[in-house]
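Since every read-out is calculated from the coordinates, none of them should be taken as a lab result. Quick caveat, the model's predicted, so the values are computed rather than measured. Cβ coordinates were reconstructed from backbone atoms using ideal geometry, including for glycine residues, and neighbour counts include every protein chain displayed.
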Amino acid sequence: MPSLAPTRRPPNGPGARSRTLTGARTLRRVDTTDPYASDAPFYDLIHGRDGDDTGLWLSFAGRTDRPVLEVGTGTGRIGIALARAGHTVVGVDPSAAMLAVAREVIEDDALDTITLLQGRVTDLALEPEYFGFVLVPADVFLYCEDGEDQVATLQFLAASMTYNGRLALDLPGPASWQDPSTNGQPLLVYSGPLEDGSTLDAWQVHEDDLATQSRILRMTYETTAPDGLVRRRVGEHRLRYLYRFEVEYLLARAGLAQVDVYGDYDLGPLTNESERMIVIARRVTG
């Protein structure tokens, strides 16, 4: 369940821009069972595997000798980096398609210190008081449907943490908040060639609702074959945004105490210009 938010990182293609989607000779595919089935084949191509957040999570993982839990591990970008550094990692994600990509990398690297589990964290039987560091990276927490789902998720995570273990939530900062003025505007976030000779155009369209702090994010992946045949894969995701002190309240309800709040991956202060909001909490009950 990795992030697809346009503010997460810049595209690797020639630049984000608005343009009209093509429409000739089009085959359209929408997956309703695995919401990331349409995203998985192109996710690493668009976002890359070398994120500017990896170093920070390696430093936090290095502060404990206990295993690390990553929630929303996706294609394994962070979890595999932690495993390569010698940490024992459990990665959880509801998307079979995303985990299939991660498993290919794990097999190629012959890594035996990372375990992947498919499902939502609230549906899994995680060992109590087992993890010294729990990471919810890159907007993954926004996929909780409402306040009760957020509290339930945090409670499950708290129960899986050692006493005084650390939790990190990577959320959008004030400068990456919702923008209803651009609702419905297609944004080209990637354009480039594929290995099979096709070209890929990846589009994002969002519908933001400030009253409900929610965003509907639609991804369209348009591949054009050398013979001109166009195929479209479409995915839709619902995100629920959070304010700083709302997060602090949710943590307290789950038996977690907020320790620090940062505005970037260099642990700078949270300001109006911050694109990220990094919340660090510790378990205080049990």
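If you wrap the Cα atoms of region 103-146 in a convex hull and average its projected area over all directions, you get 4.6 nm². Of the residues 281, 234, 245, the one whose Cα sits farthest toward the positive end of the charge dipole of the chain, with +1 on the Cβ of Lys and Arg and -1 on the Cβ of Asp and Glu, is 234. For percent of Cα pairs over 35 Å apart, the candidate list reads (i) 35; (ii) 16; (iii) 24; the entry that matches the value derived from this model is (ii). The distance separating the Cα centre of region 27-96 from that of region 226-286 comes to 15 Å.
Stretched out straight at 0.36 nm per residue, the stretch from residue 113 to residue 246 would grow longer than its current Cα-Cα span by 44.3 nm.
Taking the square roots of 5 times each eigenvalue of the Cα gyration tensor of region 83-228, largest first, gives ellipsoid semi-axes of 32, 25, 12 Å.
Considering only 82, 147, 60, and ranking their Cα positions along the charge dipole of the chain that arises from unit charges at the beta-carbon of Lys, Arg, Asp and Glu, the one farthest toward the positive end is 147. Helices that extend 18 Å or more along their long axis by alpha-carbon positions and average at least 0.0 on the Kyte-Doolittle scale are, among the DSSP H runs of the chain, 96-109, 147-160.
Charged side chains reduced to their Cβ positions (Lys and Arg at +1, Asp and Glu at -1) give region 111-215 a dipole of some 300 debye around its Cα centre. Need one word for region 76-129: rounded, prolate or oblate. Basis is the Cα gyration tensor (sqrt eigenvalues a ≥ b ≥ c); a/c below 1.5 gives rounded, then a/b vs b/c decides. Oblate shape, in that a/c is at least 1.5 and b/c is the bigger or equal ratio. Applying 1/(1 + (r/R0)^6) with r as the Cβ-Cβ distance of residue 266 and residue 63 and R0 = 25 angstrom yields a FRET efficiency of 0.90.
In a simple Cβ point-charge model (Lys, Arg +1; Asp, Glu -1; nothing else charged), the chain has a dipole of about 300 debye relative to its Cα centre.
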